[in-house]
Every structure is written in C-alpha cells, then in structure tokens.
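Chemist: This is the structure I have questions about; it appears just below.
The values are calculated or read from the model by the stated rules, or taken from the named source; none is laboratory data. Since we're looking at a predicted model, the values are computed, not measured. Here the Cβ is made from the backbone with ideal geometry for all residues, glycine too, and neighbour counts use every protein chain on show.
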Amino acid sequence: MAATGAPDPGQVGPAAGEVRRRLLGMIERGTLQPGQKLESERELAIITGVSRSTLRQALAALEESGAIHRVPGRGGGTFVAAAKVERDLSRIVGVPMLLRDQGFTAGSRVVRVGVATAGAEAAAALGLSPSDFVIDLVRIRLADGVPISLEHGMFPAELVPGLPERELGGSLYELLDQEYGLRPDEATEHIEVVSASPDEAAILSIDPGAPLLSITRTTRDARGVVFEYSHDLFRADRTRISVKVKGTPTSEKARLRGRIVELVPK
C-alpha cells in the first residue's frame, strides 16, 4: 500500500505517463547511463515542463518498474538502475554468451553438483523413471560480478558421465556439445513471475518477496533426445524478455515485428 501522500505508481495521469516515457526512452537510448544520478526533482520538473507532483508520479512508476532507484540520505538521490540483461526467447544460448553479447562480464558460482534420483517431476520431463539417476547442478550466474540468476539443472546421468568432475563455471551448453555431443536444437520454456523466498533473496542480493522471473525449460537435441530439465530464477529488476516472431503475410502484406515483453508483477 502506498504511503499517505505518496503517488501511487498504479495511478499515473497522462502528463506523468508522457514524462515516464520520455525518461525511459532516454535510458533505453543510453542518454541516461546506468548508475547516473538524475537532477533534483525541482530541476527535472523544469526540464520536463511539468509540476513536481506530476514528476513524482512519473518517477514512482519508473521506480516500480525497476528503471530507477532512489537512495535516501545526504549523499543519496535518484539513480538510473543497472542495465538489464535481455533474454531472447528466440535463441537457445547459454547465459555466459548471452551476457558477453551484451557487454557484461559473465561469472558463475557452483552451489551444488552431484548425482541424485530424478524424482517424479524431472523424470516426466526427461523421459526417465523417478528412480533413474540424474546429474543435479545448481549455479549462481553473475553479470559484472552481481548475481543475476539462480540455475537448477538436471541431466540424465547416462548421457553425461563424469559431468560433476568437469569445469562447470563456463557455458554448460558449450561443454555438453564438446564433450558429449549434445547440442540444443529445441527448447520448451514456461515463464511466470514469482516472489523470492528468503533463501533465494539472500543468494541473489535482493529483498525477500522481490519479483523473480521463473523459467522452467526442457531441452532436446536434433535427434529428439531430451537432455536437460532446468528451473532458473532471474532477477526481474535486471532482466528483460524479448521475443522475435514472424507472422503469416496478410492481404496487406503485414508482418509481426520483434517485440519486447516486460514482465512486471501487479
């Protein structure tokens, strides 16, 4: 519930909405850089030509979406949030390559790796018996040294013998391709917004209850062999989902263009 007297980000008027779009456009174009401190409210109101109350509505909406963040205190202010990682659902690519392609320095921490029984859920996804063995791997992914996602993957043990002894800090897809001949050809993903548990929040350096993008993925190779069942949790404040689609030409020759999808919890 919004504090008394504070603008409700869910109630943004037309003027505030226009200011929000202008500032967001400046962030997306790079005119405003990640970490940059914005001018004071008084100065921003003059620059944008709106009242301070209208400006506060726009800033509240931007903060709610994770585009900016505010730091209280004498040395505080309003800052542009860290750059978001764009995750293109049209490509099957490992997180390290995804980060490198966008100018981030990729890093990983292995939380757990070992052999376990599949269990009912993973077995159904991988086409195994619940008592069959899988390699169970949990890692934290880092972007410029900051935790960006928590990955939990399971792989049929008979397909990847010796995997726990391998170097698992880099791209798992590259490793699976080079060492086991398993190259992702098709993946099915289910995405939803969930709230971070206290443990997840501690691992990802966010507040408990903060929004996460939960992505459950089943991956198969060109032969149709399912070799991965994973559940990844991405920080919603640092991740943007993109989808590229092609439409069937209509009588007007219209086509669907690539579009960006922002998942923001209500």
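Chemist: Could you tell me whether region 194-202 includes any residue that is touching a residue at least 12 places away in the same chain (Cβ under 8 Å) and in a strand (DSSP E or B)?
Modeler: Checked against the condition, which is being touching a residue at least 12 places away in the same chain (Cβ under 8 Å) and in a strand (DSSP E or B), region 194-202 yields at least one hit.
Chemist: Residues that are in the same structural domain as G169 (by TED's automatic domain parsing), farther than 24 Å from I203 by Cα, assigned to a helix (DSSP H, G or I) and of a type outside the set (S, T, N, Q): does region 38-47 have at least one?
Modeler: Scanning region 38-47, I find no residue that is in the same structural domain as G169 (by TED's automatic domain parsing), farther than 24 Å from I203 by Cα, assigned to a helix (DSSP H, G or I) and of a type outside the set (S, T, N, Q), so the answer is no.
Chemist: Right, next: Starting from region 215-238, keep only residues that are outside any strand (DSSP E or B), then list their pairs with residues that are among the small types (G, A, S) whose Cβ atoms are within a distance under 6 Å, requiring at least 6 positions of separation or different chains.
Modeler: Partner pairs satisfying both residue conditions: D237/G66.
Chemist: Right, T78: assigned to a strand (DSSP E or B) and without any contact (Cβ under 8 Å) to a residue 60 or more places away in the chain or not?
Modeler: So T78 passes the test.
Yes/no matrix, rows are residues, columns are (1) of a type outside the set (F, W, Y); (2) touching a Lys or Arg at 6+ places or on another chain (Cβ under 7 Å); (3) modelled with pLDDT of 95 or more:
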position	(1), (2), (3)
S171	yes, no, no
P184	yes, no, no
L233	yes, no, yes
E252	yes, no, no
E262	yes, yes, no
P265	yes, no, no
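Chemist: Continuing with this model, one more query. Only one residue in V95, V80, V85 is farther than 30 Å from A222 by Cα and surrounded by 15 or more Cβ atoms within 10 Å (Cβ to Cβ). Which one?
Modeler: On inspection, the qualifying residue turns out to be V80.
Chemist: Taking the criterion of being farther than 23 Å from G145 by Cα, part of a loop (DSSP other than H, G, I, E, B) and either assigned by TED's automatic domain parsing to the domain that holds E228 or modelled with pLDDT under 85 (or both), would at least one residue in region 64-72 satisfy it?
Modeler: yes
Chemist: OK, next. So, in region 152-162, of the ones that are in contact (Cβ under 8 Å) with a residue 40 or more places away in the chain and within 11 Å of E179 (Cα to Cα), which residue ends up surrounded by the most Cβ atoms within 10 Å (Cβ to Cβ)?
Modeler: V160
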